[in-house]
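What follows is a set of notes on a single structure, which appears directly below.
Every number here is computed from the coordinates shown, using simple stated rules; none is lab data. Just so you know, these numbers come straight off a predicted model, no measurement behind them. Note that we place each Cβ from the backbone using ideal geometry, even for glycine, and neighbour counts take in every protein chain shown.
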Amino acid sequence: MRHSGGVSETWPSPPIPTPSLVLRGRRFDAGHPAVMGIVNRTPDSFYAAARYTDLGPGLAAVDRLVAEGADLIDVGGVRAGQEGEEVGPAQEIERVRPFLLAVRERHPSLLLSLDTWRAEVATACADAGIDLVNDTWAGADPELVAVAAELGAGYVVSHTGGLPPRTDPVDISYGPDPDDVVRDVLAVLAGGAARAVAAGVPAERVLVDPTLDFGKTTRNSLRVLAATGAIAGLGYPVLQALSRKDFVGETLDLPVDQRLFGTLAATAVAAWLGTVVFRAHDVAATRQVADMVASLRGDRPPAVAVRGEPRA
């Protein structure tokens, strides 16, 4: 590296180009990252502020998230962790289908994501016009990816360390090398993405999600987050679900309602390293961080640029 007058003539550059996501003709990429707002139709979600068991408040939450800059809304009917009540397929459908239909009527052009690991739930919600199937349990139901293809929806490939749905990690080990977890994540995501494409989901609609916390210790999640550039290097758009997760809480020793700043720091790093979609409870803050990093990378122009410009 050469220097002139103490100033480097070469500059750090962002990682490899960010793979794009296309849903219903809309493209999300390094210059236009997507923010996915979260609406949980559950009474026991780990973050109480995102619980919407009643239709009216849930719809009002969607309106607010859209106004704050959400590009997609992710709707789930079952808590991810093992705590909380057991929820069968019929009850899950009862929680999510009427809500999705109401949101679709209220916001006809809004992109909708369904958070489920069950093929029958996705099939039951087909008439709501699902744009993305967020399979957070790594193909636990092998039929789900085929349903996503039939619906013309995108599909999220996740990594859970081989654990079944609603299983919290215990005694997790990927090997003695800190990068062993990264190698496992890359192999699983690459294989899952290839299966999704083989099932009929176009590559531009296949998202890969390293799924931090799921099947991972806090140290695992931190290492995988730092390797986001390698995940983007798989050639598929990257989804990061970072919002208020336990790896943030344990890293900073904070409860869930105090994890926003840590989440935003992780969001900035993930954005710089090539993430396209951010699943978030705090949409307005996430929108600003994602857009600011996109501009720092040189992929997005400033919304306004008048400071120091010649006056008319």
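Observations
- The chain: relative contact order in percent, alpha carbon pairs under 8 Å with at least 6 residues between: 21 percent
- Taking other C-beta atoms within 10 angstrom as a stand-in for reagent exposure, 47, 52, 155, 236 fall in the order 47, 52, 236, 155, fewest first.
- Annotation: for a label point projected 7 angstrom from Cα along Cα→Cβ of residue 49, residues of region 282-312 with backbone N closer than 12 Å are 282-286.
- Residues residue 309 and residue 187, FRET efficiency given R0 of 51 Å [Cβ-Cβ distance, rounded to 0.05]: 0.55
- Among the helices of the chain, those built from whole DSSP H runs whose Cα atoms reach 15 Å or more along their own axis and whose mean Kyte-Doolittle hydropathy is at least 0.0 are 55-67, 180-198, 260-272, 283-297.
- Taking each residue as 0.36 nm, the span from residue 126 to residue 172 lengthens on full extension beyond its C-alpha to C-alpha distance by 12.9 nm.
- What separates the Cα centres of region 105-161 and region 250-305 is a distance of 25 Å.
- Sites matching trypsin sites (Lys or Arg not before Pro) across region 210-252 that sit in DSSP coil, with at most 14 neighbouring C-beta atoms within 10 Å: none
- Listed by Cβ neighbour count within 10 Å, with the fewest neighbours leading, 225, 252, 72 appear as 252, 225, 72.
- Taking 36, 292 and counting other C-beta atoms within 10 Å, the order from fewest to most: 292, 36
- Extension reserve of the residue 90-residue 250 stretch, reckoned as 0.36 nm per residue once the Cα distance is removed: 54.1 nm
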